[in-house]
1. With the contact rule set at Cα under 8 Å and sequence spacing of 6 or more, what percent relative contact order holds for the chain?
2. Residues with amide H under 5 Å of Lys29's amide H, sequence separation 5 or more or different chain, H placed in the peptide plane at 1.01 Å from N; which?
3. What dipole magnitude, in Debye to the nearest 20, does the stretch 76-177 give about its Cα centre under +1 on Lys/Arg Cβ and -1 on Asp/Glu Cβ?
4. With every protein chain left in place, what is the accessible area per residue of the chain in square angstrom, probe 1.4 Å?
5. Give me, ordered by chain and number, the residues 5 or more places off Ala93 or on other chains with an amide H under 5 Å from its own placed amide H.
6. Name the long-range amide H neighbours of Ser86: under 5 Å, sequence gap of 5 or more, or other chain; modelled H, no Pro or chain starts.
7. Determine the gain in length on full extension of the stretch Thr135-Ser60; use 0.36 nm per residue of separation and subtract their C-alpha separation, reporting nm with one decimal.
8. Of the candidates Val78, Val31, Val145, which one comes out as most mobile in a Gaussian network treatment of the chain with C-alpha springs shorter than 10 Å?
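The values are calculated or read from the model by the stated rules, or taken from the named source; none is laboratory data. The shown structure was predicted, so the numbers you read here are calculated from the model rather than taken from an experiment. Using ideal geometry, Cβ is built from the backbone for each residue, glycine included, and neighbour counts are taken over all protein chains shown. Side chains are part of the model used for accessible areas, which takes the heavy atoms of the whole protein and leaves out ligands, DNA and RNA. Shrake-Rupley method; radii C 1.70, N 1.55, O 1.52, S 1.80 Å.
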Amino acid sequence: MAPHRRLVLPLLAVLAVTVSACGYSSDSKEVVEGEPVELGELHYNAIFSRFLNPSDNEDSAFLVGQPPPPPGSAYFGVFFEVQNESEEPQALADSLTITDADHEVFETIPSESLYALPLGGEVEPEEQVPVLDSTPEQGSIEGSVALFLLTASASENRPLILEIPGPEGPAEVTLDL
């Protein structure tokens, strides 16, 4: 056996044990914000999340058509990049939910914004959402937003878990709030 092969094989074994000990799995459906998750042929990445301020110029573009939030509530945005790795169009999830630590569930709300994630829409073959050179892709966050209306208590009841339905069961994304 060549000397370099004698060194490489044990190194690969150590690396395999180290990776498996860390709990890494490319098939995991439980990720944290900023890590992509594969659901069927789509790779969802919740790249960023935050509360949105209707009085802020940037945030007002994400909230087009939304009434002022009711007292004790606030708008919350989860910004996405979604990749279709296949050669066929793929349907996006129809809706998303966020669950807080008290098990209160919040569903996406409809949006008229140019930045809105087109829930229930399609991602073209070997394309992404947001589409390259589109308004959301060129925006400050470079993602399409899913809107939620959260109660004030949700920010205190962490972690917030985003659930994305998919063909192999839902994925869960722990949001970094």
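1. Reported as a whole number, the value is 26 percent.
2. For Lys29, whose amide H was placed from the backbone, there are no distant partners under 5 Å.
3. Numbers: 1 positive and 22 negative charges, 93 e Å.
Dipole magnitude for the stretch 76-177 comes out near 440 debye.
4. 56
5. Under 5 Å from the amide H of Ala93: Gly120.
6. Under 5 Å from the amide H of Ser86 lie the amide H atoms of Glu126, each far enough along the sequence or on another chain.
7. On the way: separation 75, 0.36 × 75 = 27.00 nm, distance 1.43 nm.
Gain in length upon complete extension: 25.6 nm.
8. Val31
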